[in-house]
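Presented below is the structure to which this report refers.
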Amino acid sequence: MEVDLSVKSVSKRFKSFVAVDDVSFEVEKGKFFSILGPSGCGKTTLLRMIAGFEEPSKGAIYIRAQNMANISPNRRPVNLIFQHLALFPMMNVADNIGFGLARRNESKTEIRKKVSDILERVNLPGFEAKKIHHLSGGQKQRVAIARSLVLDPTVLLLDEPLGALDLKLREQMKIELKKLQMEVGTTFVYITHDQSEALVMSDHVAVMNEGRFEQIDSPQNLYTKPASPFVARFVGDNNRLPGKIVGCNDGTAELQTASGEKLLIRTDRQLTPGVQAELYIRPESVILEPAQELPELNRLNVLVSSILFDGANTQLLVESPASDDELLISLPQNRQYEHISVKDRIEIGWDARAGNCFPLP
Amino acid sequence: MSTLGKATSKLPLFIFLTPILLWLFLLIVLPHIDLLRMSFRIENDYGDMVWSVSNYLEFFREPIYWLTFTRTALYAIIVTFLTLCISLPVAFYITKVAPPKFRGFLSLLLLMPFWVSELVRIYGWMILLRESGVINHFLVEWGILQQPVEMLYNDVAMTMGLVYTSMLFMVVPLLSVMDSLDDSLIEAAFDLGSNMFTIVWKIIIPHAMPGIASGSIVVFMLSLGNYLTPNLMGGKNALWFTEQIYNQFIASFNWNQGSAFGFLLLVLSSLIIFIGLRLTNQKLSKVVQ
Ligand SMILES: Nc1ncnc2c1ncn2[C@@H]1O[C@H](COP(=O)(O)OP(=O)(O)O)[C@@H](O)[C@H]1O
Ligand SMILES: [Mg+2]
């Protein structure tokens, strides 16, 4: 498989502050690659280095095997969609989209044709003469994407392009963007702080924290097999149960919480007895009022502190001595658990294989 | 409630506005009305004052007058253009290139010459440029010139003086309009394949257009109405239109002719600005914001 973008041990420091710290990754042709991380972790800085607006302090960036060092942004085969889109307010839609083509000295008729084709692509046919400030948020979004896509870049870089949209539109654009990417087959590098965007759209996701990549994996693996406590916390909801490893042999370990409960863990990870560790349980892995005969089940008695009704995503918040924080549990809406109400004492449980346990350094 | 309430709530505004309006009216509008009246009066053969437009016709009848005006207007346009060419990079540098902490200092540096009066500034230039001046001294000293040359009293020196005098009035509106230019627009243009020239031409100038227009209007008006600089630095045989007006008032004691020229200057310069705005597709209301 052809590699479109290859980033090799890239670091960026601003004076003494390290914004991007020894990051390496490769993106294959036609893939949708996301970089997911909290705000301020260095995502924009990394993207700006790929686009050529910042020089890496260390490391190298290759696009289709060509080293990008000392190549200015206007000569790189990549295009960047800015966080705030940066559409030109003094031009209409057609001039915005045709801007890059005109810089390549393409003929007027050629430009007009390409502009109308790409507008068709992004579902804005006939929008050529519209003024930028007459467009809605979602339409601006599409114009910004069209303006870059029309240049047929090797890699399209997107800096949180959906951040400014309201929730409903964001959900819709997420799906549209993924479809568009599959249709045109351009390699996308997409950065976001929204894990759902990253999971829904991407072929591969890199989770970034404080300038470093914590894990590069498929969305499924990221969710089910997080490589670090940070990934476990950041990708999806998770419950954290801290404690000490008290026993370990042959794929099973035992974690003792501060309140004395012993929890069974099935894991491939090597856990040495005596170390502090954290166990992470997904809300949907928790079984409410488990049947008595189920084997290898960790059980806790908890107090229901609130019910967060949200249709299919309704959740319970429960208190347990095993954790300082309240635990979050998915509450299936199949009427089976309708009798549960606030202040009830209930039993919860989870399979020994359901959790992810990380020894603390 | 509505009308009464509105009327009472506006009362304080009127109280505060009255002195200002009075001041404007007494000092600016009244004298102008009198000048306007005067410009339409001439002395007839019997020595009586009568109404007439011949003061205005005189301007078109005597080539010296309208030629002077044309020359003045042309030079004012050249000065405006040169000021713009110098101020654009200066404003760009201060707002976009210089480190943020130096921006205030640089703007202050720009303002500093304007703390002294125009007269002092012009004399400063004269000390530098005249035949026995500083520049000539060093040029001769270093053997670049055999003997001092007169650099003053020509159109080049005058143009330079006018540009220097008006710089501030161009830079200040440009600073604010450049400041409002989102850096990411420049970067986006760069990313889409622009070079520096197209960025300036397609992004920066269109964005700065309201500032360019308002700065240009001020600089044009100030240059056109300037008396001191053309008089002190310009050539002795090349007149500035304000000097013609001055001559009518002071030398010929013909106040009627002088006020007619004054109003012609006002009308013609407004006309030039109107045409300029039309040509560049700008709206006055937007420009003066
Ligand atoms: N030009 C710069 N000079 C100094 N620090 C910067 C600069 N650009 C970004 N940073 C710092 O680098 C860190 C990462 O910023 P950024 O890449 O924008 O994060 P993100 O896009 O993930 O929110 C931030 O703490 C920011 O303050
Ligand atoms: Mg960012």
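Can you give me the convex hull volume of the Cα atoms of the range A:40-159, divided per residue and expressed in Å³?
Each residue corresponds to 118 Å³ of Cα convex hull volume.
Any number yet on Rg/Rh for the protein assembly as shown, C-alpha, Kirkwood? Present the calculation step by step, with values, prior to reporting the outcome.
Working: Rg = 37.2 Å, Rh = 31.9 Å.
Over the Cα atoms of the protein assembly as shown, Rg/Rh equals 1.17.
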The answer for the net charge of residues other than A:Val302 whose Cβ lies under 13 angstrom from its Cβ, with Lys and Arg +1 and Asp and Glu -1, is -4
In Å and whole numbers, how far do the C-alpha atoms of the range B:31-287 stretch along each principal axis, longest first? 77, 53, 30
Helix-only mean residue ellipticity at 222 nm for chain A, each DSSP H run of n ≥ 4 adding -39500 (n - 2.57), per residue, nearest 500: -7000 deg cm²/dmol
Would you mind checking the tilt of helix A:167-184 against the longest principal axis of the Cα atoms of chain A, expressed as 0 to 90 degrees and rounded to 10? 60 degrees
Residue-wise HN-Hα coupling along the range A:220-237, computed from phi with Karplus coefficients 6.51, -1.76, 1.60 (Hz; x: Gly, Pro): 4, 5, 4, 7, 8, 10, x, 8, 8, x, 4, 4, 4, 6, 7, 9, x, 7
In a Gaussian network model of chain A with springs linking alpha carbons closer than 10 Å, the residue among A:Ile245, A:Ile191, A:Ile346 that fluctuates most is A:Ile346
Would you mind computing, in nm to one decimal, how far apart the modelled labels at A:Ile340 and B:Phe253 are, each placed 7 Å from Cα along Cα→Cβ? 10.8 nm
The Rg/Rh figure for the range A:238-359, Cα atoms and Kirkwood Rh, to two decimals is 0.98
Which value, in Å² rounded to 10, gives the accessible area of B:Met221 with a 1.4 Å probe and all protein chains present? 70 Å²
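What per residue convex hull volume, in Å³, do the alpha-carbon atoms of chain A yield? Please list the in-between numbers first.
On the way: hull volume 63.9 nm³, N = 361.
Spread over its residues, the Cα hull of chain A gives 177 Å³ apiece.
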Those aspartates and glutamates that a straight Cα-Cα span of less than 13 Å connects to A:Lys343, excepting residues fewer than 8 apart in one chain: A:Glu319
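If we count every other residue with Cβ under 14 angstrom of A:Lys114's Cβ, Lys/Arg +1 and Asp/Glu -1, where does the sum land?
After counting each charged neighbour, the total is 0.
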Quick one: Debye curve from the alpha-carbon atoms of the range A:307-354 only, equal weights, vacuum; give me log10 I(q)/I(0) at q = 0.20, 0.27, 0.28 Å⁻¹ to two decimals. -0.77, -1.22, -1.26
Do any of A:Lys31/B:Lys96; A:Lys43/A:Lys168; A:Lys140/A:Lys179; A:Lys225/A:Lys262 go past 27 Å between their Cα atoms, and which? A:Lys31/B:Lys96
Label-point separation (nm) for B:Val267 and A:Lys131, each offset 7 Å from Cα along Cα-to-Cβ? 3.5 nm
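Can you give the % of DSSP beta bridges in the range A:3-232 that are antiparallel, to the nearest 5?
Working: 22 of 40 bridges.
Given both bridge residues lie in the range A:3-232, the antiparallel proportion sits at roughly 55 percent.
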Counting helices only, and only those DSSP H runs with n ≥ 4, report the 222 nm mean residue ellipticity of chain B as the sum of -39,500 (n - 2.57) divided by its residues, in deg cm²/dmol to the nearest 500. -22000 deg cm²/dmol
Run the quick spin-label model on A:Phe14 and B:Phe102: label points 7 Å from Cα toward the beta carbon, then report their separation in nm to one decimal. 1.9 nm
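Less than 15 Å Cβ to Cβ from A:Met1, Lys/Arg counted +1 and Asp/Glu -1: what total charge do the surrounding residues give? Spell out each step's value before the answer.
Values: positive: A:Lys29, A:Lys31, A:Arg64; negative: A:Glu2, A:Asp4, A:Glu26, A:Glu28, A:Asp203.
Spelling it out: positives minus negatives among the neighbours equals -2.
When you look at the Cβ of every residue in A:69-82, what mean number of other chain Cβ atoms sits within 10 Å? Walk me through the numbers on the way to the answer.
Numbers: counts 0, 0, 0, 3, 8, 10, 2, 2, 0, 1, 4, 6, 2, 6.
The mean count of partner-chain Cβ atoms within 10 Å per residue comes to 3.
Summing both sides, how much accessible area is buried between A and B? Use a 1.4 Å probe and give Å² to the nearest 100. Write down the numbers at each step before the final one.
Numbers: alone 17890 and 17860 Å², together 34130 Å².
Interface area, both chains combined: 1600 Å², rounded to the nearest 100.
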Kindly express, to the nearest 10 degrees and within the range 0 to 90, the angle between helix A:137-149's C-alpha long axis and the longest C-alpha principal axis of chain A. 60 degrees
B:Asp155 to A:Asn70: FRET efficiency via 1/(1 + (r/R0)^6), r the Cβ-Cβ distance, R0 41 Å, to the nearest 0.05? 0.30
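Counting only heavy atoms of the protein chains, get the accessible area per residue of the range A:238-359 (1.4 Å probe) and round it to a whole Å² value. If you can, show how the numbers build up before the last one.
Details: 6370 Å² over 122 residues.
Per-residue accessible area for the range A:238-359 comes out at 52 Å².
The values are calculated or read from the model by the stated rules, or taken from the named source; none is laboratory data. Only a predicted model underlies this, so the values are computations on that prediction, with no experimental measurement involved. All Cβ positions, even for glycine, are placed from backbone atoms using ideal geometry, and neighbour counts span all protein chains on display. Side chains are part of the model used for accessible areas, which takes the heavy atoms of the whole protein and leaves out ligands, DNA and RNA. Shrake-Rupley method; radii C 1.70, N 1.55, O 1.52, S 1.80 Å.
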